[in-house]
Amino acid sequence: MDMSELTQSSAPRRFIGGQLLGSSQLVLGVILAVLCMAISIAAPQFYSEANIIAILRQCALVLIVASGMTMLIITAEVDLSVGASLAFVGCIGMAVLNSTHSLTLGLLAALAFAGAVGLFNGLVVTRLKVNSLIATIGTMMMLQGGVYLFTREAVQNHHRLASFTVLGAGYLGAIPLPVVVAALIFALAAATLRFTTLGRYLYAVGANERAVRLSGVRSQRLKLFAFVVTGLCVGVAGMILSSLMNAGQPTAGRGFELTVIAAVILGGTSLLGGRGSLLGTLLGVLVLKVIDNGIIILGWNQDLQMVVPGIVIILATYLDIVRNRANVG
Amino acid sequence: MNWSKSMLFASAAVLALSAAAAHAENMPKRIGYVTNYATHEWYQNVIKGMQSRAKELGIELEVQDANLDVAKEVSAAEDFMAKGVDVLIITPVNEEGVVPLLRQAKSNNVPVVLEGNPVKGMTTMVAICDYDTGYTAGVEAGKYAKEKLEGKAKVMNVGLPLLSATVLRSQGFMDGLKTIIPDAVMVHDLDGGGNPDRALEVSSAALAKNADINIIYGINDSSSLGGLQAWKAAGKSQDGLLTVGTGGEGLAFINAMQNEPSYRIEAAMFPEKEGYTAIDAAVKLFNGEEVPEHIVSPTAPMNGDDWKKFYDYDGTTRKIKWDAVNALQPPEKCMKTSADLKK
Amino acid sequence: MSLASTDTMKAGPSMLARLVARQELALLLCLILVIAFFSFTAENFFSVRNITNVLGQASLALTAGIGCAIVFISGEVDISIGSLLATIALPLIIIMNDTNSLVLGISGALLFGLIIGVVNGYLTAYAGINSLIVTLGTMFIMRGGVYLYTGQRAIPDDAALDSFIALSDGRLFNVVPYSAVIAIVLLAVFAYVMQHRPFGRQIYAVGGNPEVARLAGYDVRRVKFTCFIISALLATVAGIILAARVGSAQHTAGLNFEFQVVAATVLGGVSLAGGIGSLTGMALGVLILQFLSNGLRGLGLPTEWQLVITGMIIIAAVAFDEAKRRRAIGG
């Protein structure tokens, strides 16, 4: 099978996912709209500027990591260590900031560390052939333990750099800076997936790795790339979180990996690889965070924040399957 | 003169003798401590206090971590009993889950000291009074509000409804506050999960709904700081705001009191002292002495720079000043306990 | 995550059988090494009391691990078992408190477990939703439901029936904890079914190659559906043992338990790709991890080191196993 055949074989798939709104996105868009309407009828403050900014800022962290994770899951791999890495990155970034008083160096250290974690995961999966679910559970444990070996307590902000505070709490015009950063990363990832050869290969590796390998493309390199990108995204998110918290918190990020993966899956990206889109992920993040916010705004029991997303994930996937069946039949 | 001097000598000798006698009482060789969550700053400092006291008394202390998992707590205690420790100290992950463990310890004749939470069928527990801690901080906050906040008190409580201890703190805070400012109100009653990122997220949403507050109260330092960070992230000035934290478990509150203009009051709970007291209680149990069911470990509200009385801080670690903390008089009994909540 | 790529399937059954046997031997050696190492380094490690304690502690993961392995072999995953542990403890403890009857309590728990298994199985096998998504969803729903119902408080076992307490404290011949006996019996029964009964062969066939299984006349959907029910019921048994060990229904029971069981199962050579692995391997995987964590505790190592070392060993073991397998089939 040569490369032209390969791109052809994945072409119809891309055609379905490549429409402005694929089936799952349509379902999600409707769910999102219904949610927003329902919540705003019950609680008009939902549409206040302050609340929208609060929602967007919460979305930003998830979306940044979910952008990388979408690419990774499209290649049929997954990374469960992102939550633990998020906490570690914040601590390292803050420690470097404290000792160097340089935002650039702090950011570089955070990115280097998070990228290295991604690289490690990628190498274990591609070279040692360890299933990524297991490999990244292992990395998760190592990072959870490692962060406490690095620091027993939250790393405090001793440098008091104004530029660091801006990272989490600053604005560009009326838009919070984290949202701007998330939008940039999202756009970059979306463009890569949709318009570049690299993006097409990522889909192809996930859809049929053997075919890609036979066609002479180094599939392992592509997966490695996706792992590192996911890692780097965690680096960015970790620094923003530590700026928002004004400290490097070793306890941060618990359960973060599940939120991210849930958003990606909700967005219609297949865990089997080869199928999915970043637009879907964006909608997935929005739906989950609007639910979270709505439950707080309505003063409902916060435990519903676990139940409702669980139902939504299953329901959305099921509706997607039903729609696909209807289209086929 | 001479006479009084010799009296002094004599009394000193008596004191020394009695101290020696106290030390001569049977010391347990080995104590096992199963903590709830060893990586948390609070327990880190409880362990430090224990280690320091155990070293003084020549006791070998071993620590195991349940890491918030009751099943693991039971396993760790089983390990300790298999190893043959003389006394167990346990911080229950929660109140119900360690009942079987107490049962097993009893059948193995290993005395148990609980730290933090009471459990049905326990011999003794070393713990602070949560309600009182919140209450005294509430009184201080009331005085501050009267003087600097035009006598108004609108509170955002970054709470943790799942633990009776933390519910008591919030209740105590509001009750104490109302003794000075009778029309104080709780605008937001939140579940901040006791951790900073959750507290930040929940507070952000609450402030977006209604930002008309002037006091942030947190049931621990992570909660108060999460609340304050949400306030700052919403672009608000700290003028006219008071932030009150609870615990004083690590370095975070010292940093906040030095750098955040609104962070003026901390309800300190001295984890080191709690560990110290737990070891003393373990020694007493080992010798079959009578001990009260609840041994109270002291707390104190700290305004502004008060923390310097109790802690040395060199920028990286803090060191407790034992003299100052040991001089604090804990109450005999708590004003309110979790038993009152259940009524 | 690549639940699809199964190079090993081409190796043929006899090759596979030999491979599996060799793998079990390697795991057994690994277990002996772990025990030997800690016997020399950790005080009181090699004592009857400590070893039987560890068996009691391992009973949870062993019991639930059987179900986890069977679902893996059928080509699916079930990560809802941790939340299930917390869920079924509610009917168990509440019914026992109300009726003072262990039988009714356990029946209630098993009924709940059955319902959960049916839901997971139906959504996966018949509605066709990816099992990772289904069980991720039910994991959230059950955990959230337990939090909502209990208000995040544990429910104490007020009935304190002797028979229930025996599940935690009792020991056969005063030596082996009853919980471990239960786990071992279940393990033996299911190992027999998997190796020597037609149903076991069906599960291997369905997980190894669903197309071939369908052509052979097996009802792929029903086999998978049944596997989810088995998994849920076994996790229910684990949940009952856990509730006895902690004398209460804990809202946080089983948090991260699914990670622990999945890691042990994969370590034991059960492939996520389906069709490959044995219950003996799974059991050895559980025991290795359990003795490891007991030994590390015995050495007085702090939690952070325990986490780091366990993480490294999981990755190393799976990597080593993978390398060996690829060498064996020359792929």
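Condition first: crowded, with 24+ Cβ neighbours inside 10 Å and farther than 15 Å from residue A:77 by Cα. Now tell me which residues in region A:254-276 satisfy that.
Across region A:254-276, the qualifying residues are A:263, A:266, A:267, A:268.
Has region A:151-165 got any residue that is small (Gly, Ala, Ser), surrounded by fewer than 22 Cβ atoms within 10 Å (Cβ to Cβ) and over 30 Å from residue C:269 (Cα atoms)?
For region A:151-165, residues small (Gly, Ala, Ser), surrounded by fewer than 22 Cβ atoms within 10 Å (Cβ to Cβ) and over 30 Å from residue C:269 (Cα atoms): present.
For residues in region C:305-320 being at pLDDT below 80 and surrounded by 22 or more Cβ atoms within 10 Å (Cβ to Cβ), which is farthest from the other protein chains (Cβ to nearest Cβ)?
C:317
Output the number of residues of region A:34-84 satisfying the condition of being part of a loop (DSSP other than H, G, I, E, B) and of a type in the set (Val, Ile, Thr).
2
Can you tell me which residues in region B:54-86 are in contact with a Lys or Arg (Cβ under 9 Å, 6 or more places away or on another chain), of a type in the set (Gly, Ala, Ser) and part of a helix (DSSP H, G or I)?
If the condition is that a residue be in contact with a Lys or Arg (Cβ under 9 Å, 6 or more places away or on another chain), of a type in the set (Gly, Ala, Ser) and part of a helix (DSSP H, G or I), then B:71, B:75, B:76, B:82 are the ones that fit.
As an exercise: evaluate residue C:224 against (1) in contact (Cβ under 8 Å) with a residue 24 or more places away in the chain; (2) surrounded by fewer than 19 Cβ atoms within 10 Å (Cβ to Cβ); (3) among the charged types (D, E, K, R) and give the number of the one condition it does not meet.
Single failed check for residue C:224: (2).
Scan (1) over 30 Å from residue B:95 (Cα atoms); (2) modelled with pLDDT of 90 or more for the single condition residue C:103 breaks and write down its number.
(1)
Among (1) crowded, with 24+ Cβ neighbours inside 10 Å; (2) among the aromatic types (Phe, Trp, Tyr); (3) over 24 Å from residue C:265 (Cα atoms), there is one condition residue C:112 misses while meeting the rest; what is its number?
Of the numbered conditions (1) crowded, with 24+ Cβ neighbours inside 10 Å; (2) among the aromatic types (Phe, Trp, Tyr); (3) over 24 Å from residue C:265 (Cα atoms), the odd one out for residue C:112 is (1).
From the list B:44, B:51, which one is assigned to a helix (DSSP H, G or I) and out of contact with any Pro (no Cβ under 9 Å at 6 or more places or on another chain)?
Of the residues listed, the single one that is assigned to a helix (DSSP H, G or I) and out of contact with any Pro (no Cβ under 9 Å at 6 or more places or on another chain) is B:51.
When you go through (1) within 23 Å of residue A:318 (Cα to Cα); (2) modelled with pLDDT of 70 or more one by one for residue A:47, which number turns out not to apply?
(1)
Would you tally the residues in region B:94-135 being of a type in the set (Gly, Ala, Ser), surrounded by 19 or more Cβ atoms within 10 Å (Cβ to Cβ) and either within 10 Å of chain C (Cβ to nearest Cβ) or farther than 18 Å from residue B:277 by Cα (or both)?
Number of matching residues: 3.
Answer yes or no: is there a residue in region A:51-65 that is charged (D, E, K, R), surrounded by fewer than 19 Cβ atoms within 10 Å (Cβ to Cβ) and modelled with pLDDT under 90.
No, region A:51-65 contains no residue that is charged (D, E, K, R), surrounded by fewer than 19 Cβ atoms within 10 Å (Cβ to Cβ) and modelled with pLDDT under 90.
Can you go through A:290, A:260, A:308 and tell me which one is facing another protein chain (nearest Cβ under 9 Å), out of contact with any strand residue (DSSP E or B) (no Cβ under 9 Å at 6 or more places or on another chain) and not small (Gly, Ala, Ser)?
Among A:290, A:260, A:308, only A:308 is facing another protein chain (nearest Cβ under 9 Å), out of contact with any strand residue (DSSP E or B) (no Cβ under 9 Å at 6 or more places or on another chain) and not small (Gly, Ala, Ser).
Among B:263, B:276, which is in contact (Cβ under 8 Å) with a residue 12 or more places away in the chain, away from chain A (no Cβ under 12 Å) and of a type in the set (Phe, Trp, Tyr)?
Every option except B:276 fails the conditions.
Can you spot a residue in region A:164-175 that is at pLDDT 90 or above, farther than 17 Å from residue A:248 by Cβ and in contact with a helix residue (DSSP H, G or I) (Cβ under 8 Å, 6 or more places away or on another chain)?
Checked against the condition, which is being at pLDDT 90 or above, farther than 17 Å from residue A:248 by Cβ and in contact with a helix residue (DSSP H, G or I) (Cβ under 8 Å, 6 or more places away or on another chain), region A:164-175 yields no hits at all.
I'd like the residue in region A:151-174 that is in a helix (DSSP H, G or I) and facing another protein chain (nearest Cβ under 9 Å) and, out of all such residues, is nearest to the chain's Cα centre (by Cα).
Ranking the qualifying residues of region A:151-174, first place goes to A:168.
Given (1) in a helix (DSSP H, G or I); (2) within 7 Å of chain C (Cβ to nearest Cβ); (3) aliphatic (A, V, I, L, M), identify the lone condition not met by residue A:130.
(1)
Is at least one residue of region B:282-302 of a type in the set (S, T, N, Q), under 22 Å from residue B:91 (Cα atoms) and loosely packed, with under 14 Cβ neighbours inside 10 Å?
Checked region B:282-302: at least one residue is of a type in the set (S, T, N, Q), under 22 Å from residue B:91 (Cα atoms) and loosely packed, with under 14 Cβ neighbours inside 10 Å.
Report the residue count in region A:122-150 for those that are over 16 Å from residue A:82 (Cβ atoms), surrounded by fewer than 23 Cβ atoms within 10 Å (Cβ to Cβ) and in contact (Cβ under 8 Å) with a residue 24 or more places away in the chain.
Result for region A:122-150: 4.
Which one of these is in contact (Cβ under 8 Å) with a residue 60 or more places away in the chain, under 18 Å from the mean Cα position of the chain (by Cα) and more than 30 Å from residue C:153 (Cα to Cα): C:255, C:272?
C:272
Could you please find all residues in region C:134-155 being over 9 Å from residue A:314 (Cβ atoms) and of a type in the set (S, T, N, Q)?
Within region C:134-155, C:135, C:150, C:152 meet the criteria.
Please indicate, with yes or no, whether at least one residue in region B:142-153 is within 30 Å of residue C:171 (Cβ to Cβ), crowded, with 21+ Cβ neighbours inside 10 Å and of a type outside the set (A, V, I, L, M, F, W, C).
The answer is no; no qualifying residue exists.
Given region C:236-331, what helices (runs of 4 or more DSSP H) lie entirely inside it while holding 3 or more residues that are of a type in the set (S, T, N, Q)?
Correct list: C:279-298, C:303-328.
Could we say that residue C:192 is more than 25 Å from residue C:270 (Cα to Cα) and out of contact with any Asp or Glu (no Cβ under 7 Å at 6 or more places or on another chain) here?
Against the criterion (more than 25 Å from residue C:270 (Cα to Cα) and out of contact with any Asp or Glu (no Cβ under 7 Å at 6 or more places or on another chain)), residue C:192 does not qualify.
Take region C:256-275 and flag every residue that is in contact with a Gly (Cβ under 6 Å, 6 or more places away or on another chain), at the interface with chain A (Cβ under 10 Å from one of its Cβ atoms) and over 15 Å from residue C:289 (Cα atoms).
The one that is in contact with a Gly (Cβ under 6 Å, 6 or more places away or on another chain), at the interface with chain A (Cβ under 10 Å from one of its Cβ atoms) and over 15 Å from residue C:289 (Cα atoms): C:271.
Which one of these is without any contact (Cβ under 8 Å) to a residue 12 or more places away in the chain and either part of a helix (DSSP H, G or I) or within 8 Å of chain C (Cβ to nearest Cβ) (or both): A:105, A:119?
Going through A:105, A:119 in turn, just one is without any contact (Cβ under 8 Å) to a residue 12 or more places away in the chain and either part of a helix (DSSP H, G or I) or within 8 Å of chain C (Cβ to nearest Cβ) (or both): A:105.
Residue by residue through region C:263-286, note down the ones that are within 25 Å of residue B:93 (Cβ to Cβ) and surrounded by fewer than 24 Cβ atoms within 10 Å (Cβ to Cβ).
Hits for region C:263-286: nothing passes.
Given (1) within 14 Å of chain B (Cβ to nearest Cβ); (2) assigned to a helix (DSSP H, G or I); (3) over 17 Å from the mean Cα position of the chain (by Cα); (4) surrounded by fewer than 24 Cβ atoms within 10 Å (Cβ to Cβ), identify the lone condition not met by residue A:251.
With (1) within 14 Å of chain B (Cβ to nearest Cβ); (2) assigned to a helix (DSSP H, G or I); (3) over 17 Å from the mean Cα position of the chain (by Cα); (4) surrounded by fewer than 24 Cβ atoms within 10 Å (Cβ to Cβ) applied to residue A:251, the lone miss is (2).
The values are calculated or read from the model by the stated rules, or taken from the named source; none is laboratory data. Because the structure is predicted, anything quoted here is derived from the model rather than measured. So basically every Cβ, Gly included, is an ideal-geometry build from the backbone, and we count neighbours across all protein chains shown.
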